[in-house]
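Encoded as structure tokens, the structure appears first; notes follow it.
The values are calculated or read from the model by the stated rules, or taken from the named source; none is laboratory data. Keep in mind that what you see is a predicted model, and the values were worked out from it rather than measured. Neighbour counts are summed over all protein chains in view; Cβ atoms, including those assigned to glycine, are modelled from backbone coordinates with ideal geometry. Keep in mind that these areas ignore ligands, DNA and RNA; they rest on the heavy atoms of the full protein, side chains included. Shrake-Rupley method; radii C 1.70, N 1.55, O 1.52, S 1.80 Å.
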Amino acid sequence: MTFRRTFAAVLAAGVTLAGCSIANTTASEVALQYGAGPFDSRTFVQCVPIGTREVNDVEDDHYYYPAGQRDFTFTSDQGADSAPLTSTTSDAQEITVSGTVKFTLNTSCEKFTDPSGKEWPGGRLQMFHELIASKLDAAPTDGGEQMKDGWKVLLRNYVGAALDRATDNEALKFGWQQLYTDTTSKAKWEKDVLDQLPAILKTLTQGVDLITINSVLLQKPGIQPSLVSGLTDKQAATLRNEAAEVDKQAAVNFPGGLVGYQAYQQQQAINQAIKDGKVQVIPIPQGSPVIVQAK
């Protein structure tokens, strides 16, 4: 009889444990726990801090979010969170904008009331989950897993959209050549985007800082091929003008003036042509004219 009771107790304990949900956050993630019985509506239970493992009720669900800094990349590289953005400069030229934004999700679970008067017992993390992330199915329901596909959509809709507006606003303050060739102008553009981005992002999240922007890194902007060609031609012309100015100054100070300098240059050209084998000199007896035959 004692053996039967013991066996039944162990079996019942095993069944109960198997029917429980488990919260299991790593050192780089937090979770939100929601409970709902068969006849109850889904309700927020608690926040689960980093590095926690605990057993919860069988009907409970957990949604996991990153704790700590993350990246939003917008480049043409495979695996980037978004394609490059486009902006227009003050001289009406379209540029391609690539780079990285480093951000931190606000995982505060301190109870607060948002600007609309709604109270959130699970803090800003609960607000982020219910108003944004859950609608895009962004969060995994098991610890240690990659964020779901909806996470990239979320980043594009919020960080990407705010960044697109900020880069547009600030690019209009510069000409394309300033951003492309002048490091000082590009650094100011980058800083201005960083300064403006948090405020724009808050307009998309009901005025609450649900995502904190830490830094913005913008690569050298991409420009139209015709502008690259034009810039190359301009640089070549500048070099030609600089060389002509050098020649002019050299001629002024050369013995015999401009005529003497031109004769000197002509002789130098002939000497170099002979050295390179481009002309052939045929020796003839002394006193006869020298004949130079093109090779």
| request: Among the residues of region 206-221, write down those that are open to solvent by 10 Å² or more (accessible area, probe 1.4 Å) and out of contact with any Gly (no Cβ under 9 Å at 6 or more places or on another chain). | output: Gln206, Gly207, Asp209, Ile211, Thr212, Ile213, Asn214, Ser215, Lys220
| query | Restricting attention to region 51-82, which residues are open to solvent by 60 Å² or more (accessible area, probe 1.4 Å) and at pLDDT 95 or above? | reply | Gln69, Arg70, Asp71
| task | Check region 28-39 and report whether any residue there is open to solvent by less than 90 Å² (accessible area, probe 1.4 Å) and modelled with pLDDT under 75. | result | yes
| note | Considering only helices (runs of 4 or more DSSP H) wholly within region 122-188, the ones with at least 1 residues that are closer than 18 Å to Ala80 by Cβ, open to solvent by less than 50 Å² (accessible area, probe 1.4 Å) and out of contact with any strand residue (DSSP E or B) (no Cβ under 6 Å at 6 or more places or on another chain) are 149-155, 161-171
| note | Inside region 107-121, the number of residues satisfying the requirement of being buried (at least 17 other Cβ atoms within 10 Å of the Cβ) and more than 31 Å from the chain's Cα centre (by Cα) is 1
| task | Assess whether Glu94 counts as being open to solvent by 10 Å² or more (accessible area, probe 1.4 Å) and touching a residue at least 12 places away in the same chain (Cβ under 8 Å). | result | yes
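Rundown of residues vs (1) modelled with pLDDT of 95 or more; (2) farther than 22 Å from Gln69 by Cβ; (3) within 16 Å of the chain's Cα centre (by Cα), yes/no style:
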residue: Arg124; (1), (2), (3): yes, no, no
residue: Lys135; (1), (2), (3): yes, yes, no
residue: Lys148; (1), (2), (3): yes, no, no
residue: Gly160; (1), (2), (3): yes, no, yes
| request: Evaluate the following for Gly99: is it open to solvent by less than 40 Å² (accessible area, probe 1.4 Å) and more than 16 Å from Leu155 (Cα to Cα)? | output: no
| How many residues does region 189-212 hold that are in contact (Cβ under 8 Å) with a residue 60 or more places away in the chain and more than 18 Å from Leu85 (Cα to Cα)? | 8
